[in-house]
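The values are calculated or read from the model by the stated rules, or taken from the named source; none is laboratory data. No experiment lies behind these values; they were computed from the predicted model shown. Positions of Cβ are generated from backbone atoms using ideal geometry, with glycine treated the same way; all protein chains shown enter the neighbour counts. Only protein heavy atoms, including side chains, enter the accessible area calculation; ligands, DNA and RNA are left aside. Shrake-Rupley method; radii C 1.70, N 1.55, O 1.52, S 1.80 Å.
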Amino acid sequence: MGRIAVIGAGMGAMAAAARLAVAGHRVTVYERTDTYGGGVRRFERDGFAFDTGPGLLPLPAVYRDLFVKTGKEPLEGCVELVQVDPSARHVFADGTQVSLPNASRAGVVTALDEALGAGAGQRWGDFLVRAREAWDRTRRPLLEEPLWPNWQVLAEREPYPSVPHKKLLRTRRAATVTEIGAWELRDERLAAVLESHALAYGLDPRTAPASAAVLPYLEHAFGTWYVRGGIRELARAVYERCVQRRVGFVFGAEVTGILEKDGRAAGVELADGSVAEADFVVAGVAPEALGHPAARAGGG
């Protein structure tokens with residue numbers, strides 16, 4: 001099996017490292033900071049600890065699968081998951097308020113009808129049906145299967161089957177999250193609920209593609225979860241699983257480029273001038289952060 005260098009110790013990079021190690025590869029993770037987790041960090045002061053990254057876990061099945069595939073102890077044996085209910089409480093500019101139950105489409109429809117008026121729940125429910133279609137079209141190629149050699153075809157057609165809208169004598173379909181809210185939900189408050197999901201992921205709903213409509217569907221279908229002790233506990237569990245699988249970690253090792261030989265990745269270049277040879281390189285950071293042609297081409 002091969003020697004694999006993983007750049008970065010974020011959640012995705014560690015997950016990849018654990019899976020590669022289970023497959024028999026010798027894996028080493030190079031992280032420029034002094035700890036693991038990427039954006040999932042913790043700030044401690046005066047005896048108090050605060051997560052500085054996400055607060056909730058929207059799709060625990062991804063981590064359940066990781067722990068099943070990389071060891072005997074399941075996810076729930078390493079961290080405690082608590083379902084959050086209600087999943088969200090929205091307060092609108094006009095003073096209207098609504099609390100949405102967790103993982104209950106019928107409950108959400110009822111709550112919206114009671115708070116925003118008859119028909120609001122039905123419009124939201126119809127939207128979720130179309131969002132589910134987008135999820136069904138993208139789930140397998142993006143999450144469950146190796147990326148297709150002709151992966152560019154995934155970008156040729158927007159997977160969200162939005163309702164046609166006549167505008168300026170032309171029939172168009174919603175191209176952004178904001179357009180979905182304006183054209184399909186027909187209520188500023190419902191539109192705000194939709195946009196809140198995009199904003200929670202750091203996306204601008206005015207530019208986020210319509211396929212981001214899967215985000216509220218995922219919450220309704222799979223629930224919103226809290227990791228007891230904070231999401232940092234999940235990062236700890238993933239790190240420990242990597243260590244159990246004999247993944248090596250080198251902290252304080254900033255990767256400045258990818259070593260190339262005969263047209264393929266052959267290792268990583270570090271900020272101190274040293275080189276770590278490898279048969280394959282996995283970039284767990286944005287490729288442009290490395291400023292290297294091989295990285296921009298996809299790492300190798």
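Would you check which residues across the range 222-268 are small (Gly, Ala, Ser), farther than 17 Å from Gly38 by Cβ and not in a strand (DSSP E or B) and list them?
Residues satisfying the conditions are Gly223, Gly229, Gly263.
Looking at the range 2-24, is at least one residue open to solvent by less than 40 Å² (accessible area, probe 1.4 Å), at pLDDT below 95, more than 22 Å from the chain's Cα centre (by Cα) and not polar (S, T, N, Q)?
Yes, there is a match, as at least one residue in the range 2-24 is open to solvent by less than 40 Å² (accessible area, probe 1.4 Å), at pLDDT below 95, more than 22 Å from the chain's Cα centre (by Cα) and not polar (S, T, N, Q).
Taking the range 172-182 only, how many residues are closer than 17 Å to Glu133 by Cβ and either in a loop (DSSP other than H, G, I, E, B) or free of Cβ contacts under 8 Å to residues at least 40 places away in the same chain (or both)?
Total satisfying the criteria: 4.
On the given criteria, is Glu31 farther than 18 Å from His197 by Cβ, touching a residue at least 12 places away in the same chain (Cβ under 8 Å), open to solvent by less than 40 Å² (accessible area, probe 1.4 Å) and among the acidic types (Asp, Glu)?
So Glu31 fits the description; yes.
Counting only residues that are modelled with pLDDT of 90 or more, more than 18 Å from Ala210 (Cβ to Cβ) and in contact with a His (Cβ under 7 Å, 6 or more places away or on another chain), give me the strands (runs of 3 or more DSSP E) lying completely in the range 73-171 with at least 1 of them.
So the answer is 97-100.
For the range 163-181, does any single residue satisfy the condition of being farther than 23 Å from Phe92 by Cα, of a type outside the set (Lys, Arg) and open to solvent by less than 40 Å² (accessible area, probe 1.4 Å)?
Looking through the range 163-181, at least one residue is farther than 23 Å from Phe92 by Cα, of a type outside the set (Lys, Arg) and open to solvent by less than 40 Å² (accessible area, probe 1.4 Å).
Would you pick out the residues in the range 191-204 that are free of Cβ contacts under 8 Å to residues at least 40 places away in the same chain and in a helix (DSSP H, G or I)?
Ala191, Glu195, His197, Ala198, Leu199, Ala200
If we keep just the residues of the range 53-72 that are in a loop (DSSP other than H, G, I, E, B) and among the aliphatic types (A, V, I, L, M), which is most open to solvent (accessible area, probe 1.4 Å)?
Leu56
Given (1) open to solvent by 40 Å² or more (accessible area, probe 1.4 Å); (2) over 30 Å from Glu240 (Cβ atoms); (3) not in a loop (DSSP other than H, G, I, E, B), where does Phe50 come up short, assuming only one miss?
Every condition holds for Phe50 apart from (2).
For Thr207, state whether it is assigned to a strand (DSSP E or B) and exposed (fewer than 15 other Cβ atoms within 10 Å of the Cβ).
No; evaluated as a whole, the condition is false for this residue.
Do the conditions hold for Val108, that is, is it of a type in the set (A, V, I, L, M) and either out of contact with any Ser or Thr (no Cβ under 7 Å at 6 or more places or on another chain) or surrounded by 20 or more Cβ atoms within 10 Å (Cβ to Cβ) (or both)?
Answer is yes for this residue.
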